[in-house]
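Below is one structure, written out as structure tokens; the observations come after it.
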Amino acid sequence: MNETRYKDVVGYVGLGDMGSGIATHLVEVGVRLVVFDLNPEAIAAVVAKGAKSAGSLEELAATSAVIIVCVDPQRQVVRVVDELAEFLGPGQTVIIQSSVSPALVIEMAETMAQKGVKLFDAPVSGSHEDRRNGTLSVLTGATAEGVEAERALLESIGRPLYLDALGGGEVAKLANNAIMTVTRLATIESLEFGRAFGVSEENLAKAIKISSGGSWVLDNWEYFDEQLRSGFTLRMSSKQSREIIETAENRDVHMRMTEAALEHSKIIHEARYAHLTGQEPQASASI
């Protein structure tokens, strides 16, 4: 694990499933981190690794050169950024790690620019291991030159890819989620198809991996099953599909495969959940 080259203080807002893993890794590679979350236990876990905690967003803003926002849903991102705007000033930077609409990123960046604050998007993609190891894909809505001051920080999180346009990271994240969702659903159905003919999931997966249907999704299939067992997929998959469809519709783009995924995802995911756990999902776990 390489020591970070980033030397300024970083504020981190949002210590959920994604944020806690990234924040912990940043502390472990030597980033001077100040964290804020509404969950005291989440804060305590990262502080135990070496981070400091802030009692408010105002306190966080007063001590941080860069603030990373990793909260959900989108309306919560707006609340956090609106409150931070009261306390930030020239030379500071806000990085939106949450998945939000590209249009919102542009709107927030314009508002922050009036105060001399830089804001750009850098959502991430990858597995739990990628969060812990600092190997996430960091989809950055900026040019490399435009975020040179933050480059070492982005590289401490993972592998930055610069999309050269504000909001471009969110576009890439949504597009990735669209492909991943359709692929995941097709994989679930294909595994069921194989079982119906007496072909084990393990053997079918081996065959697909060396054929044209191979994918990152299948290569990391246990990760997706873990997400389903935990209830995360049942809670989030439909939400993600709706975000993609709504964002595309604003530019007159029709995401027909994603629309089909949204229509069928509930029954497909619930069937897989029952196969994995032997239980029907709780009503509160499914959207």
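Could you sort I179, I106, I245 by accessible area so the largest value comes first, with the probe set to 1.4 Å?
I179, I106, I245
Can you send over the carbon and sulfur percentage of the accessible area for the chain, probe radius 1.4 Å, protein chains only?
Solvent-exposed carbon and sulfur of the chain make up 52 percent of the total.
Quick one: of K7/K52; K52/K173; K52/K118; K118/K173; K49/K239, which pairs are farther than 27 Å apart, Cα to Cα?
Among K7/K52; K52/K173; K52/K118; K118/K173; K49/K239, the Cα-Cα distance tops 27 Å for K52/K173; K49/K239.
Between E263 and V9, with labels modelled 7 Å along Cα→Cβ, what's the label distance in nm to one decimal, could you check?
Between E263 and V9, the label points sit 5.4 nm apart.
About the Cα centre of the chain, what is the dipole size in debye to 20, counting +1 per Lys and Arg Cβ and -1 per Asp and Glu Cβ, all else neutral?
Approximately 340 debye in magnitude.
Figure the gain on full extension for E189 and E83 (residue separation times 0.36 nm, minus the Cα-Cα span) and round it to one decimal in nm.
33.7 nm
Quick check: the angle from helix 74-85's long axis to the longest principal axis of the chain, C-alpha only, nearest 10 degrees?
So the helix axis and the longest Cα principal axis differ by about 10 degrees.
Run the helix sum for the chain: -39,500 (n - 2.57) per DSSP H stretch of 4+ residues, divided by residue count, reported at 222 nm to the nearest 500 deg cm²/dmol.
-16500 deg cm²/dmol
Accessible area per residue for region 28-107 in Å², computed with a 1.4 Å probe and the full protein assembly in place, what is it?
46 Å²
Dipole size in debye (nearest 20) for region 161-287 around its Cα centre, Lys and Arg Cβ +1, Asp and Glu Cβ -1?
100 debye
Tell me the accessible surface of K52 in square angstrom (1.4 angstrom probe, heavy atoms of protein chains only), to the nearest ten.
Number for this one is 150 Å².
Need one number: the % of Cα-Cα pairs in region 76-185 sitting beyond the 24 Å mark.
So the portion of pairs separated by more than 24 Å is 24 percent.
For region 166-287, with every protein chain kept in place, what is the accessible area per residue (1.4 Å probe, Å²)?
The answer is 57 Å² per residue.
How far is helix 232-249 tilted off the main Cα axis of the chain, in degrees rounded to 10, range 0 to 90?
Between helix and principal axis, roughly 70 degrees.
Using only Cα positions of region 120-199, each an equal point scatterer, no hydration layer, compute I(q)/I(0) via Debye at q = 0.21 Å⁻¹ and quote the log10 values to two decimals.
Log10 I(q)/I(0), no solvent term: -0.89.
Relative contact order for region 104-163 using alpha-carbon pairs under 8 Å, separation at least 6, rounded to a whole percent?
It rounds to 29 percent for region 104-163.
Can you pull the one-decimal nm distance between simple spin-label points at T135 and R75, each 7 Å off the Cα toward Cβ?
Going from the T135 label point to the R75 one covers 3.9 nm.
Taking only Cα atoms of the chain, what ratio of Rg to Rh do you get with Rh as the Kirkwood inverse-distance radius?
Ratio value, two decimals: 0.99.
Counting each pair of different Cα atoms once, what's the Kirkwood radius of region 144-187 in Å, rounded to one decimal?
For region 144-187, the Kirkwood estimate is 12.1 Å.
Starting from the Cα gyration tensor of region 187-262, multiply each eigenvalue by 5, take the square root, and state the resulting semi-axes largest first in whole Å.
Result for region 187-262: semi-axes of 28, 16, 11 Å.
Roll a 1.4 Å probe over the protein heavy atoms and report the accessible area of M180 in Å², nearest 10.
Accessible area, nearest 10 Å²: 30 Å².
Projected onto the charge dipole of region 126-210 (+1 at Lys/Arg Cβ, -1 at Asp/Glu Cβ, origin at the Cα centre), which of G146, F197, N177 gives the Cα projection farthest towards the positive end?
Going by the Cα projections, it comes out as F197.
How big is the charge dipole of region 1-114 about its Cα centre, in debye rounded to the nearest 20, if each Lys and Arg gets +1 on its Cβ and each Asp and Glu gets -1 on its Cβ?
With Lys and Arg at +1 and Asp and Glu at -1, about 320 debye.
Probe radius 1.4 Å, ligands and nucleic acids left out: which of F36, F120 has the largest accessible area, and how do the rest follow?
F36, F120
Kindly provide the Kirkwood hydrodynamic radius of region 30-128 in Å, to one decimal, from all pairs of distinct alpha carbon atoms.
Kirkwood hydrodynamic radius for region 30-128: 14.1 Å.
Please compute one quarter of the surface area of the Cα convex hull for region 160-287 and express it in square nanometres.
9.3 nm²
Take every DSSP beta bridge whose two residues both sit in the chain, then give the antiparallel share in percent to the nearest 5.
Within the chain, antiparallel bridges account for around 10 percent of the total.
Taking the Cα atoms only, what angle lies between the long axis of helix 102-113 and the longest principal axis of the chain, rounded to 10 degrees?
Roughly 10 degrees, rounded to the nearest 10.
The values are calculated or read from the model by the stated rules, or taken from the named source; none is laboratory data. All of these numbers come straight from a predicted model, not from anything done at the bench. Ideal geometry is used to build each Cβ from the backbone, glycine not excepted, and the neighbour counts take in all protein chains shown. Areas reflect the complete protein model, heavy atoms only, side chains present, ligands, DNA and RNA absent. Shrake-Rupley method; radii C 1.70, N 1.55, O 1.52, S 1.80 Å.
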